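S.K.: Shown below is the structure under consideration.
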Amino acid sequence: MKFVLSFLCLFLIVSNSVLLLFQYDAYSSELEENGQVFFYEQDVEMKVKNDKIVIKQHFNNIPKEEVALSWPIISENRSCDLDTSDSCNRLSEDMTTFKVGENSKQSISYEIPLVEGLKDGQMIQNFLVKLETGDVSLTSLDITDELKRGGMWVSGLPLIGTTSLELIDYTLSFGAGDVQELYWQQEVLPVQYEDDYFTVYASNTLPDEVTDIIGELDSTNDEHLAILFEENKNNIDATRIAFIQQGDIASIQQELIIKNIQAQYGLAQDNQLIAEVLSNFLLEIPVGSAKSIWMYETINNYLTSDQRAEFQTALLNNKNTTAAEFDKILTDIIDLKTSFFVMNEQSGAENFPLLFEDPRPVYINEQQQEEMKVLFKDGKVLYAAEQLLTSLGYTLNNTDKGLYVQDATRAFRFPIKEPFYVLNNKRYDALSEPFEVIASQLYIEEAWMIRLFLLNIEKQDKRINITQSALF
């Protein structure tokens, strides 16, 4: 067994040295840009037993300063690894820090319980110790299964090799970055494609069109990604492991692109819209749902060529991939406040148009209204109706006969698409619509708002004041 392990390690060093130099350099640069204090390497040895995983974790390049440890919550039997001298001479008695010291290598051991044993399709998450204020540049992961279960282990790291000996099954992986999840399944899918950025597991040989697509994605991803061409039966959501169902070439292409972006930016599976929008802008091609393509085309058609380039560069360099951050970037570029991405994220399948907002906070009777939207649309100023009217003491009830708005003394009814409204059982003509629905959200036009609800509006440089009229 020692000969096999030595051979695998030698193969690892020879075949991956050039690749890892490039990945290491790129990853280190990224860490510095993200303001990390330091980065370190780790060698992880895992022995999988019947009801637990025994882990020995070796840290390299630890700084001389004190470093705090973050242990997995479920870890047990935490201790120093005494196999080598001075292996943890910096470990504090309570095992929460590596104390100040010259030794840049430290080793610890602990156990992760498998309460129900190892299950087919099981994902193990957050199972390694982290060094706070640091990040992992390189990881070596070797897994020994003493029960010889067979199956396959997937971590997202490049797979160096697997072997089955008389007493154990062994898997070795090595590559840039950390390991946050470890997946095991009984069925072994052969490796059908691998390069510097992807390892693809599938039961059948991949069509040339699919491997060509994967090759074109290489330049957009810094960390290795494992792709399994099979159904995601257990709804696995992982940063460096993706499941893709077989389908036509076009659907596979789109899913590969989106999975790649999700892995690169650490987006959850349920954050599909943002991943699709990001894919559109970074690759400059329509990808994903009809809504995400519409959002991409809407922004693209509004921005100048210089603004489009600036927006794309900002997205590429910004790892805070949220709808709110997209809005902030867009607002800074066009110098007009918008919540286009947030509102579309919240509006489900409906499209929320590109509208601009009054950036000033709104005060109603001297009370600031958090998140109160004041929109500019088609020459009109629109206020979020429900928040406005409830703050004024009204109740709203939207029925199939129209909108009912009332308080203790005044009762309104606004019929659907009829040129009138009713106030305290008296009908009044309306030459325009007081209310407007945008992506299922109700807004009221400013002039109608003042007239119907007897309001005074004072617009100062830094705020908008709304008060009820003395005639009320």
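The values are calculated or read from the model by the stated rules, or taken from the named source; none is laboratory data. Because the structure is predicted, anything quoted here is derived from the model rather than measured. Neighbour counts are summed over all protein chains in view; Cβ atoms, including those assigned to glycine, are modelled from backbone coordinates with ideal geometry.
S.K.: Do you know which residues across the stretch 50-74 are free of Cβ contacts under 8 Å to residues at least 60 places away in the same chain and of a type in the set (A, V, I, L, M, F, W, C)?
M.R.: If the condition is that a residue be free of Cβ contacts under 8 Å to residues at least 60 places away in the same chain and of a type in the set (A, V, I, L, M, F, W, C), then V54, W71, I73, I74 are the ones that fit.
S.K.: Would a scan of the stretch 277-290 turn up a residue that is at pLDDT 80 or above, surrounded by 16 or more Cβ atoms within 10 Å (Cβ to Cβ) and among the polar types (S, T, N, Q)?
M.R.: Looking through the stretch 277-290, at least one residue is at pLDDT 80 or above, surrounded by 16 or more Cβ atoms within 10 Å (Cβ to Cβ) and among the polar types (S, T, N, Q).
S.K.: Does S140 satisfy being touching a Ser or Thr at 6+ places or on another chain (Cβ under 7 Å), buried (at least 19 other Cβ atoms within 10 Å of the Cβ) and among the polar types (S, T, N, Q)? Step through it out loud before you land on a result.
M.R.: Details: touching a Ser or Thr at 6+ places or on another chain (Cβ under 7 Å): no; buried (at least 19 other Cβ atoms within 10 Å of the Cβ): yes; among the polar types (S, T, N, Q): yes.
Criteria not met by S140.
S.K.: Identify all residues within the stretch 133-151 that are acidic (D, E) and not in a strand (DSSP E or B); write none if there are none.
M.R.: Result: E146, single match.
S.K.: What's the number of the condition I236 fails, among (1) surrounded by fewer than 16 Cβ atoms within 10 Å (Cβ to Cβ); (2) assigned to a loop (DSSP other than H, G, I, E, B); (3) under 15 Å from the mean Cα position of the chain (by Cα); (4) not charged (D, E, K, R)?
M.R.: With (1) surrounded by fewer than 16 Cβ atoms within 10 Å (Cβ to Cβ); (2) assigned to a loop (DSSP other than H, G, I, E, B); (3) under 15 Å from the mean Cα position of the chain (by Cα); (4) not charged (D, E, K, R) applied to I236, the lone miss is (1).
S.K.: Here is a list: D306, D327, D335. Which entry is touching a helix residue (DSSP H, G or I) at 6+ places or on another chain (Cβ under 7 Å), at pLDDT 90 or above and either not assigned by TED's automatic domain parsing to the domain that holds S203 or not hydroxyl-bearing (S, T, Y) (or both)? Reasoning before the result, please.
M.R.: On the way: D306 fails: touching a helix residue (DSSP H, G or I) at 6+ places or on another chain (Cβ under 7 Å); D335 fails: touching a helix residue (DSSP H, G or I) at 6+ places or on another chain (Cβ under 7 Å).
Result of the check over D306, D327, D335: D327.
S.K.: Okay, next question. Here are I236, I213: which of them is touching a residue at least 12 places away in the same chain (Cβ under 8 Å) and closer than 23 Å to I53 by Cα?
M.R.: Numbers: I213 fails: closer than 23 Å to I53 by Cα.
Result of the check over I236, I213: I236.
S.K.: Limited to the stretch 335-350, what total is found for residues that are of a type outside the set (S, T, Y) and either over 27 Å from the mean Cα position of the chain (by Cα) or crowded, with 16+ Cβ neighbours inside 10 Å (or both)? Write out each step before concluding.
M.R.: First pass over the stretch 335-350, keeping only residues of a type outside the set (S, T, Y): 335-337, 340-346, 348-350.
Pick out the ones that are also either over 27 Å from the mean Cα position of the chain (by Cα) or crowded, with 16+ Cβ neighbours inside 10 Å (or both) and you get 337, 340-345.
Total meeting the criteria: 7.
S.K.: Another question, if that's okay. May I ask you to list the residues in the stretch 182-202 that are out of contact with any Asp or Glu (no Cβ under 9 Å at 6 or more places or on another chain), more than 21 Å from I261 (Cβ to Cβ) and buried (at least 20 other Cβ atoms within 10 Å of the Cβ)?
M.R.: First pass over the stretch 182-202, keeping only residues out of contact with any Asp or Glu (no Cβ under 9 Å at 6 or more places or on another chain): 182-183, 188, 190-194, 199.
Checking the rest, the ones that are also more than 21 Å from I261 (Cβ to Cβ) come to 182, 188, 190-192.
Matches in the stretch 182-202: L182 only.
Per-residue answers, yes or no, for (1) in a loop (DSSP other than H, G, I, E, B); (2) on the phi > 0 side of the Ramachandran plot; (3) more than 32 Å from the chain's Cα centre (by Cα):
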residue	(1), (2), (3)
E41	no, no, no
N50	yes, no, yes
L69	no, no, no
S79	no, no, yes
V100	yes, no, yes
I108	no, no, no
E111	no, no, no
G117	yes, yes, no
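S.K.: Report those strands (runs of 3 or more DSSP E) wholly inside the stretch 388-462 carrying at least 1 residues which are among the basic types (K, R).
M.R.: 411-414, 426-429, 455-459
S.K.: Only one of these conditions is not met by L189: (1) part of a helix (DSSP H, G or I); (2) hydrophobic (A, V, I, L, M, F, W, C); (3) out of contact with any helix residue (DSSP H, G or I) (no Cβ under 9 Å at 6 or more places or on another chain). Which number is it?
M.R.: (1)
S.K.: Right, here's the next one. Specify which of the listed residues (T162, T139) is more than 21 Å from A238 (Cα to Cα) and among the hydroxyl-bearing types (S, T, Y). Give the derivation first.
M.R.: Working: T139 fails: more than 21 Å from A238 (Cα to Cα).
Result: T162 is the single residue among T162, T139 that is more than 21 Å from A238 (Cα to Cα) and among the hydroxyl-bearing types (S, T, Y).
S.K.: Turning to a different aspect of this structure: Could you say whether any residue in the stretch 428-448 is over 18 Å from K373 (Cα atoms), touching a Pro at 6+ places or on another chain (Cβ under 6 Å) and either at pLDDT below 95 or not aromatic (F, W, Y) (or both)? Break it down into steps so the answer makes sense when it comes.
M.R.: The first filter runs over the stretch 428-448 and keeps only residues over 18 Å from K373 (Cα atoms), leaving 428-433.
From what's left, touching a Pro at 6+ places or on another chain (Cβ under 6 Å): 430.
In the following step, the residues that additionally are either at pLDDT below 95 or not aromatic (F, W, Y) (or both) were identified as 430.
Yes.
S.K.: Let me ask something additional. So, restricting to helices (runs of 4 or more DSSP H) that lie completely within the stretch 253-333, which ones have at least 3 residues that are in contact with a Gly (Cβ under 8 Å, 6 or more places away or on another chain)? Please lay out each step first, then the result.
M.R.: On the way: elements: 272-283, 290-302, 305-317.
Filter on the stretch 253-333 gives 272-283.
S.K.: Return yes or no: is E357 surrounded by 14 or more Cβ atoms within 10 Å (Cβ to Cβ) and touching a Ser or Thr at 6+ places or on another chain (Cβ under 8 Å)? Outline the logic, then answer.
M.R.: Working: surrounded by 14 or more Cβ atoms within 10 Å (Cβ to Cβ): yes; touching a Ser or Thr at 6+ places or on another chain (Cβ under 8 Å): yes.
Yes.
S.K.: Go through the stretch 292-334 and count every residue that is in contact with a Leu (Cβ under 7 Å, 6 or more places away or on another chain) and not β-branched (V, I, T).
M.R.: Looking only at that region, the number is 6.
S.K.: Hey, another quick one. Take the residues in the stretch 369-389 that are farther than 13 Å from L442 by Cα and without any contact (Cβ under 8 Å) to a residue 40 or more places away in the chain, then tell me which one is surrounded by the most Cβ atoms within 10 Å (Cβ to Cβ).
M.R.: Once the filter is applied, the top-ranked residue is Q369.
S.K.: May I pose another question? If you take the residues of the stretch 311-324 that are at pLDDT 90 or above and surrounded by fewer than 15 Cβ atoms within 10 Å (Cβ to Cβ), which of them is nearest to E345 (Cα to Cα)?
M.R.: My answer is A324.
S.K.: Filter the stretch 413-428 down to the residues that are within 47 Å of the chain's Cα centre (by Cα) and more than 16 Å from L442 (Cα to Cα) and list them by number.
M.R.: Of everything in the stretch 413-428, those that are within 47 Å of the chain's Cα centre (by Cα) and more than 16 Å from L442 (Cα to Cα) turn out to be E418, P419, Y421.
S.K.: From A250, A226, grab the single residue that is more than 20 Å from T322 (Cβ to Cβ), surrounded by 16 or more Cβ atoms within 10 Å (Cβ to Cβ), over 14 Å from the mean Cα position of the chain (by Cα) and not basic (K, R).
M.R.: Values: A250 fails: surrounded by 16 or more Cβ atoms within 10 Å (Cβ to Cβ).
One residue alone meets the criteria, A226.
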